[in-house]
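Input: a single structure, listed below in structure tokens.
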Amino acid sequence: MVKTIIFIFLLVAHFLPMAQSKKVVGYLPTYRFGSYNSIAYCKLTHLNLCFANPDSNGNLKIDDFSAVTKKAKEQNPNIIICISVGGGVIPETVMQTWKNIVDIPSNRPAFISKIVRFVESNKLDGVDFDLEWDAVTKGYSDFVIELKDLLQKHNKILSAALP
């Protein structure tokens, strides 16, 4: 009986903090950046700015979001802001760029470093990786693991929209 009570106590002690830390994640697409003043950032724990995608040189491209992040941090200093890369609908040319990066192991390190530099230079908290459907190719898992490893070294987070 005592062992059962101790087991239940340890189980509750382990899972209780997770139950109390609910996450409210908002995705803000580039075409809505102009409405950043009408968002209640105080109701969010996380904000994902979407979507950034690589150009042919492997540089992430997304509209300017500096006003969004400034306003979000003013309203909610604890908000976690990430860049969301990929997206559910990607033009074929961008899809091919992703495949060249993700599926060719020798292309990954430089691009992953560029992502981390982008996150750091824009004072973001991490990356939301959102490649879906046909964009999930043979190198997907290895790419995500390599990205996670480098982000962790820089104390940045990784989330993912799974296909």
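The values are calculated or read from the model by the stated rules, or taken from the named source; none is laboratory data. Values in this document were obtained by computation on a predicted structure and should not be read as measured data. Ideal geometry is used to build each Cβ from the backbone, glycine not excepted, and the neighbour counts take in all protein chains shown. When the accessible area is computed, the model is the full protein with side chains, heavy atoms only, and any ligands, DNA or RNA have been set aside. Shrake-Rupley method; radii C 1.70, N 1.55, O 1.52, S 1.80 Å.
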Residues within the stretch 83-103 that are open to solvent by 40 Å² or more (accessible area, probe 1.4 Å) and in contact with a Gly (Cβ under 7 Å, 6 or more places away or on another chain), tallied: 0
Within the stretch 120-163, tally of residues that are part of a helix (DSSP H, G or I) and closer than 15 Å to residue 51 by Cβ: 2
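Here's the yes/no breakdown for (1) modelled with pLDDT of 90 or more; (2) surrounded by fewer than 18 Cβ atoms within 10 Å (Cβ to Cβ); (3) out of contact with any Phe, Trp or Tyr (no Cβ under 7 Å at 6 or more places or on another chain); (4) not aliphatic (A, V, I, L, M):
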{"position": "4", "(1), (2), (3), (4)": "no, yes, yes, yes"}
{"position": "16", "(1), (2), (3), (4)": "no, yes, yes, no"}
{"position": "60", "(1), (2), (3), (4)": "yes, no, no, no"}
{"position": "67", "(1), (2), (3), (4)": "yes, yes, no, no"}
Identity of the residue in the stretch 65-103, free of Cβ contacts under 8 Å to residues at least 12 places away in the same chain and in a loop (DSSP other than H, G, I, E, B), that ends up farthest from the chain's Cα centre (by Cα): 91
Qualifying residues in the stretch 112-138 (those that are open to solvent by less than 60 Å² (accessible area, probe 1.4 Å), free of Cβ contacts under 8 Å to residues at least 40 places away in the same chain and more than 23 Å from residue 69 (Cα to Cα)) - the one farthest from the chain's Cα centre (by Cα): 137
Qualifying residue in the stretch 130-137 (condition: in contact with a strand residue (DSSP E or B) (Cβ under 7 Å, 6 or more places away or on another chain) and either modelled with pLDDT of 95 or more or within 15 Å of residue 59 (Cα to Cα) (or both)): no
Residues being out of contact with any Lys or Arg (no Cβ under 7 Å at 6 or more places or on another chain), assigned to a loop (DSSP other than H, G, I, E, B) and either open to solvent by less than 50 Å² (accessible area, probe 1.4 Å) or of a type in the set (Ser, Thr, Tyr) (or both) - total across the stretch 30-58: 4
